[in-house]
Amino acid sequence: MLTSGECSEGAGVLEIQQDGYGFLRAENCQQGPNDVYISIAQIRRFNLRMGDYVEGKTRPQREGDRYSAMLYITSVNGLAETGEIINIDGAGNRVAETIFGHKKVYFVIGKNKLAEDYDKALWRARNIAGPKNAQRLNRKTPCAAKADRCYNCSSPDRICKVLSVFWGAPMGADCEVVLIKEDLGY
Ligand code: SF4
């Protein structure tokens with residue numbers, strides 16, 4: 001969202017994603033082409049909450065943009081020191097956004113997401129990120145009570161439905177990893 005310059009108008013109901021960033025859903029709280037990306041910093045700066053109605057100026061969309069923002073910023077559930085990036089998702093929206101539709105994707109990753117190799121990064125995503133997110137979202141899953149490990153549940157509330165592994169940037173995509181020297185999220 002911008003406050004001056006060459007802008008368009010943007011408005012909608014804020015939907016905050018698992019990793020803290022959000023979208024203004026412009027059309028009846030449903031995903032749509034007029035959605036506006038809201039960064040974690042903007043959410044914090046303006047103390048925004050899920051469901052808030054927000055309006056303001058946006059950078060104009062350009063051809064090929066999916067949203068009014070040019071960039072897609074997200075975190076991951078596991079980063080192997082050998083280079084693989086692992087994400088687990090419930091609806092698949094976060095995984096999908098990292099793979100296709102944005103000109104540039106930044107993976108902003110805290111040091112707590114680092115694991116020695118692919119197997120350990122996958123283990124971390126399943127046994128640390130999954131249970132902690134299930135607990136945070138009050139899911140009725142066996143992992144949510146203690147967030148101690150994954151039980152590979154078949155609960156209707158299971159949040160682990162989609163797994164993505166990046167062995168490299170998808171063809172034609174521009175991805176960048178930003179490693180932060182502090183713990184960030186799950
Ligand atoms: S598969 Fe089920 S038990 Fe395992 S982390 Fe996901 S929700 Fe929890």
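Bear in mind these aren't lab numbers, they're just calculated from the coordinates by the rules spelled out. All figures in this text were calculated on a predicted structure; none of them were measured in a lab. Note that each Cβ is placed from the backbone with ideal geometry, even for glycine, and that neighbours are counted across all protein chains shown.
Which residue, P156, P170, P131, has the most motion in a Gaussian network model of the chain that connects Cα atoms within less than 10 Å?
Looking only at P156, P170, P131, the largest GNM fluctuation is found for P156.
If amide hydrogens are placed 1.01 Å from N in the peptide plane, which non-local residues have theirs closer than 5 Å to the one on A115?
L79, A80, E81
Among F46, F166, F107, which one shows the highest mean-square fluctuation when the chain is modelled as a Gaussian network with alpha-carbon springs under 10 Å?
With Cα springs under 10 Å in the chain, the top fluctuation among F46, F166, F107 is at F46.
When N counts the residues of the chain, how does its alpha-carbon radius of gyration compare numerically with 2.2 N^0.38 Å, as a ratio?
1.06
Once you sort the root eigenvalues of the Cα gyration tensor of the stretch 145-186 as a ≥ b ≥ c, which label holds: rounded (a/c under 1.5), prolate (a/b larger than b/c) or oblate (the other case)?
oblate
When the helix-only estimate is applied to the chain (DSSP H runs of n ≥ 4, each -39,500 (n - 2.57), divided by the residue count), what is the mean residue ellipticity at 222 nm, nearest 500 deg cm²/dmol?
Numbers: 4 runs with 27 residues, N = 186.
For the chain, the value works out to -3500 deg cm²/dmol.
Could you work out the relative contact order of the chain, using alpha carbon pairs under 8 angstrom and six or more residues apart, expressed as a whole percent? Kindly include the intermediate steps, with their values, before the conclusion.
Numbers: 391 pairs, mean separation 38.1, N = 186.
Contact order relative to length: 21 percent.
Among the listed pairs K104/K146; K103/K132; K120/K146; K140/K181; K103/K140; K103/K146, which have their C-alpha atoms separated by more than 29 angstrom in this model?
Distance filter (> 29 Å) returns K104/K146; K103/K132; K140/K181; K103/K140; K103/K146.
For the stretch 72-180, what's the relative contact order in percent, using C-alpha pairs closer than 8 Å and at least 6 residues apart?
38
Indicate the gyration tensor shape class of the stretch 76-186 (rounded, prolate or oblate), computed on the Cα atoms with a ≥ b ≥ c the square roots of the eigenvalues: a/c under 1.5 is rounded; otherwise a/b larger than b/c is prolate and the rest oblate. Show your work: numbers first, answer last.
Details: a/c = 2.03, a/b = 1.50, b/c = 1.35.
In terms of gyration-tensor shape, prolate.
Among A115, N77, C143, which residue has its Cα furthest toward the positive end of the charge dipole of the chain, with +1 on Lys/Arg Cβ and -1 on Asp/Glu Cβ?
Projecting each Cα onto the dipole axis, the largest value belongs to C143.
Just to check I understand the Karplus step: with θ = phi - 60° and J = 6.51 cos²θ - 1.76 cosθ + 1.60, what whole-Hz values come out for the stretch 95-100, glycine and proline as x?
Running phi through 6.51 cos²θ - 1.76 cosθ + 1.60 with θ = phi - 60° gives 4, 4, 5, 6, 8, 8 Hz.
Please check: in the Gaussian network model of the chain (C-alpha springs, under 10 Å), which one of K103, K113, K146 has the largest mean-square fluctuation.
Checking each option, the largest mean-square fluctuation is seen for K146.
5 Å is the cut-off here: which amide hydrogens, built 1.01 Å from N in the peptide plane, fall below it relative to I109, excluding neighbours closer than 5 in sequence?
When sequence neighbours closer than 5 places are left aside, the close amide H contacts are V178, L179, I180.
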